């Protein structure tokens, strides 16, 4: 536990000051390797169509799925393409899933003038009992029915179904399987307790400043300016801070100034300017003391499509002077002290939440790991860069820590795989709403929340 | 003054020569103009590079339309060949040799189009 890291000779705050103030050096950074090269886009061209990314996804995941299918249903099952199906023959087909949803927001419906329809308001979930599942491979598509949970699955998943084609042309599914956990990475974790702080959703620039006190408390704890020597020696074991997205609040995204008259908006500046200045000051305090990795999120000033590129260092002039600040992509992958971290700022999980019946963020996180893909809904309902050569969101190696930011609550789970994989799944809560951050212990892959609350007028 | 002096008289406009590896997106807009330009260059250096024969173009067209290697629109044939190679689909290497041999000819490097539209 984090609080057990206190040095045994630490004195409390009420002790008289000692002649020589004790110092607690922060544990040194022993191994850091940034592995997010697949998510860094150099020169971007949007001339390619999205058919390429789906084709590459299917071609890339097909061998792994065929192996899984053989392991599960026997080595002698027939693997067929949709064009080779014969009615009544039990076989296995690998393909991409498409869920036809009636409520799915469609730009064509919105601009269809003859219907005079008001655009559909954003709903929390777009699922309906009448949704249908369709399996597509390179050439054909077929409707699926049977032992497959239509509500739970989302478009873009690659899976293998086992069953037979019926006379009416539909495929009756008896069983289905996903790509399962990717192969494990060797474990080179640290021998002593080292902690990484995961926080997301700082939400700077919001109208209410309630979370600012908690943010300042967080910074003070990490930099060792809070508490007595006991807490300071604990904080010295934090080797890194990862801020997983949504550093700015959603309020900074308001574009009312576009609709107003020019003379009214002459002197106003975007709310994000002030918020980024605040972010710079907070990061400056953190960077002087601990390495910080900053991932962009949904409301941050970077591109909208996944993978989001790092924030530009010109926005953070004070903090970029320090080498401890690393501006990284979303999704982010890195080796910290031999432990492989992989995580996103939560857009992939919340998008699956909207189009699936799964309600628990941790359950969705686990499901994406078992499906072998970080964000299967990517070009369909979540903006994605049109890759043509390879799909970087396919999971090829199993990370040791897999996190997603901006979840409604903190949850964590240690997942054990059949081939010896050990993954710590962490849903990092939204700091502006819950004032909770997470501390991950790299030594034994445990995680605990740390909550900062100030006593306000309305607290009990 | 016979005609008004223009700034381009003192700074003559020089059209930049297009290299062989330009991204296909830009080329799509100015494809016809570029084709005309490159064809002019081709005829000037035609003795060194023989024009591709129709059998070669037919083989490349069949490579484009074979579904195993994924969609063919918007990328050069060489990019598609290399992508298929990396995915382990083992495309025939004779196609690659042909593409590299005629890499200056846009009829060979890009997908066969009809009426200039992709």
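Here are a few things to note about the model shown:
- Filtering region A:9-53 to residues that are within 14 Å of another protein chain (Cβ to nearest Cβ) and surrounded by 14 or more Cβ atoms within 10 Å (Cβ to Cβ) leaves A:38, A:41, A:45, A:47, A:48, A:49, A:50, A:51, A:52, A:53.
- Residues of region A:54-80 satisfying the condition of being in contact (Cβ under 8 Å) with a residue 40 or more places away in the chain and more than 10 Å from chain B (Cβ to nearest Cβ): A:57, A:61, A:64, A:65, A:66, A:68, A:69, A:72, A:73, A:77
- Selection status of residue A:133, away from chain B (no Cβ under 14 Å), under 26 Å from residue A:387 (Cβ atoms), free of Cβ contacts under 8 Å to residues at least 60 places away in the same chain and in a strand (DSSP E or B): yes
- When region B:86-100 is limited to residues that are out of contact with any helix residue (DSSP H, G or I) (no Cβ under 7 Å at 6 or more places or on another chain) and within 11 Å of another protein chain (Cβ to nearest Cβ), the one that is surrounded by the most Cβ atoms within 10 Å (Cβ to Cβ) turns out to be B:86.
- Residues that are touching a strand residue (DSSP E or B) at 6+ places or on another chain (Cβ under 8 Å), in a loop (DSSP other than H, G, I, E, B) and farther than 19 Å from residue A:182 by Cα, drawn from region A:31-64: A:31, A:50
- Where helices (runs of 4 or more DSSP H) fall entirely within region A:343-460, those with at least 3 residues that are away from chain B (no Cβ under 14 Å) and farther than 30 Å from residue B:72 by Cα are at A:347-355, A:361-371, A:431-434.
- Members of region A:304-317 that are exposed (fewer than 15 other Cβ atoms within 10 Å of the Cβ) and either free of Cβ contacts under 8 Å to residues at least 40 places away in the same chain or more than 16 Å from the chain's Cα centre (by Cα) (or both): A:312, A:313, A:314, A:317
- Restricting attention to region A:249-289, the residues that are in a loop (DSSP other than H, G, I, E, B) and under 23 Å from the mean Cα position of the chain (by Cα) total 1.
- Within region A:302-315, tally of residues that are modelled with pLDDT of 90 or more and either touching a helix residue (DSSP H, G or I) at 6+ places or on another chain (Cβ under 7 Å) or in a strand (DSSP E or B) (or both): 4
The values are calculated or read from the model by the stated rules, or taken from the named source; none is laboratory data. These numbers come from a predicted model, not from an experiment. We place every Cβ from the backbone using ideal geometry, glycine too, and count neighbours over all the protein chains shown.
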